[in-house]
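A quick write-up on the structure given underneath.
No value in this document is a laboratory result; all are computed from the given coordinates. It should be emphasised that the depicted structure is a prediction, and the values quoted were computed from it without experimental measurement. Cβ: placed from backbone, ideal geometry, glycine included. Neighbour counts: every protein chain shown.
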Amino acid sequence: MRSAPDDITETLATLAIFADLTRPELEKVAHSLEERYFAQDERVLREGLSGSSFYIILEGEAELAARGKRLGTLGRGDFFGEISVLLGEPPVADVIAARPLRCLVVPGDLLREFLQTHPRVCYRLLVAEARKLANVTRRGA
């Protein structure tokens, strides 16, 4: 069952990556997203295979692994798929639903266009990526 755009708008407003957007901007984004559900243990992305969308977790948890090594757990407000979209390359990690997962999905071309026209969101995405890289580096992965 798809959430109403108003519900999605409210949810987007609570996510750090969209914190700088106005209500009308959030409403526009909400209308362009697809809502997807994944069962526990369902693979969302497979390392090395095609991936062309950006995912934002609304509910549930996902496990992140690369080359057979567990990298961490993602939860509400976290996102994945951005590396594949931005680089035009296959995913660098597996993402598997650890619990039932509800995500918003942004097609890659829409994400690229959106980031070009919303530099504040692009900046927040960059900061989040830097944090992810720092965390992985600290763990020695």
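Using only the Cα atoms, what convex hull volume per residue in Å³ does the chain have?
Output value, Cα hull per residue: 100 Å³.
Can you find, among Cys122, Ala13, Cys103, the residue farthest towards the positive end of the dipole of the chain? Put +1 on the C-beta of Lys and Arg, -1 on that of Asp and Glu.
Of Cys122, Ala13, Cys103, it is Cys122.
So what is the calculated 222 nm ellipticity per residue for the chain, using -39500 (n - 2.57) for each DSSP H run with n of 4 or more, over all residues, to the nearest 500 deg cm²/dmol?
-12000 deg cm²/dmol
Taking the Cα centre as origin and putting +1 on Lys and Arg beta-carbons and -1 on Asp and Glu beta-carbons, what dipole magnitude results for the chain, to the nearest 20 debye?
600
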